[in-house]
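What follows is a set of notes on a single structure, which appears directly below.
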Amino acid sequence: MNETHLQYLASDDWAAKLDADLLPWIERVADLGDDVLEVGPGPGLTTDILRRRAEKVTAIEFDHALAVTLADRLRGTSVDVIEGDAGAMDFDSDRFSAVTAFSVLHHIPTAAEQDRVLAEMLRVLAPGGGLFATDARDIDFIRDAHHDDTFVPLPAGTLVARLETIGFSDVQLEIADYELRVSARKLG
């Protein structure tokens, strides 16, 4: 992730956008339950939202520096920060009441690798549990913000079918100004 992008994801401006856009969507569609997995928390502003709504949050972060910084910041809270690859998670199957990924999937370099992460998310999700994810739309100002950065947006036209092929059900897709919002279930 480029430094400018990373700084924005830790900023008050991003926190305000999360409060204005992400939080109302979560409150409208998400039944998080008590044991939530967050994939790719980055600086952790989304983790802060989740930990106020779930008894336990596990955050898996690929980037070593981000994982260490977030773990230090959240030490002594109900959040367990794990450094690891979301495409090969070391969690039991059917464990988490909800799985989330906020503005992270477009940082995965290929559609095949994105599908591997999504399949792992399904594997660790408890039957009846929900996937709640947002991701950047492929629009010029977002693409420009990812200069010298990985940017592989999820195509809205194929996302529902991709998730259903992986095994998710009841897939709901919303297209907002700058992001896609998707919720789905794992059949029980």
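The values are calculated or read from the model by the stated rules, or taken from the named source; none is laboratory data. Here the structure is a predicted model, which means the values were calculated and not measured. All Cβ positions, even for glycine, are placed from backbone atoms using ideal geometry, and neighbour counts span all protein chains on display.
Structure notes:
- Considered as a group, the residues in the range 117-163 that are over 18 Å from the mean Cα position of the chain (by Cα) and at pLDDT 95 or above include one that is farthest from residue 95 (Cα to Cα), and that residue is 157.
- From the list 37, 23, 32, 45, the one residue that fits, being in contact with a helix residue (DSSP H, G or I) (Cβ under 8 Å, 6 or more places away or on another chain) and surrounded by fewer than 16 Cβ atoms within 10 Å (Cβ to Cβ), is 23.
- Test result for residue 151, closer than 16 Å to residue 9 by Cβ, part of a loop (DSSP other than H, G, I, E, B) and free of Cβ contacts under 8 Å to residues at least 60 places away in the same chain: yes
- Residue that is nearest to the chain's Cα centre (by Cα) [pool: residues in the range 51-92 that are of a type in the set (S, T, N, Q) and within 21 Å of residue 30 (Cα to Cα)]: 58
- The range 176-186 - residue that is in contact with a Lys or Arg (Cβ under 7 Å, 6 or more places away or on another chain) and at pLDDT 95 or above and, of those, farthest from residue 156 (Cα to Cα): 179
- Every test in (1) within 26 Å of residue 25 (Cβ to Cβ); (2) acidic (Asp, Glu); (3) out of contact with any strand residue (DSSP E or B) (no Cβ under 9 Å at 6 or more places or on another chain) is passed by residue 120 save one, and that test is (3).
- Selected residue (criterion: surrounded by the fewest Cβ atoms within 10 Å (Cβ to Cβ)) from residues of the range 48-65 that are without any contact (Cβ under 8 Å) to a residue 40 or more places away in the chain and within 20 Å of residue 114 (Cβ to Cβ): 62
- Residue check, residue 42 touching a Gly at 6+ places or on another chain (Cβ under 7 Å), modelled with pLDDT of 95 or more and either assigned to a helix (DSSP H, G or I) or not acidic (Asp, Glu) (or both): no
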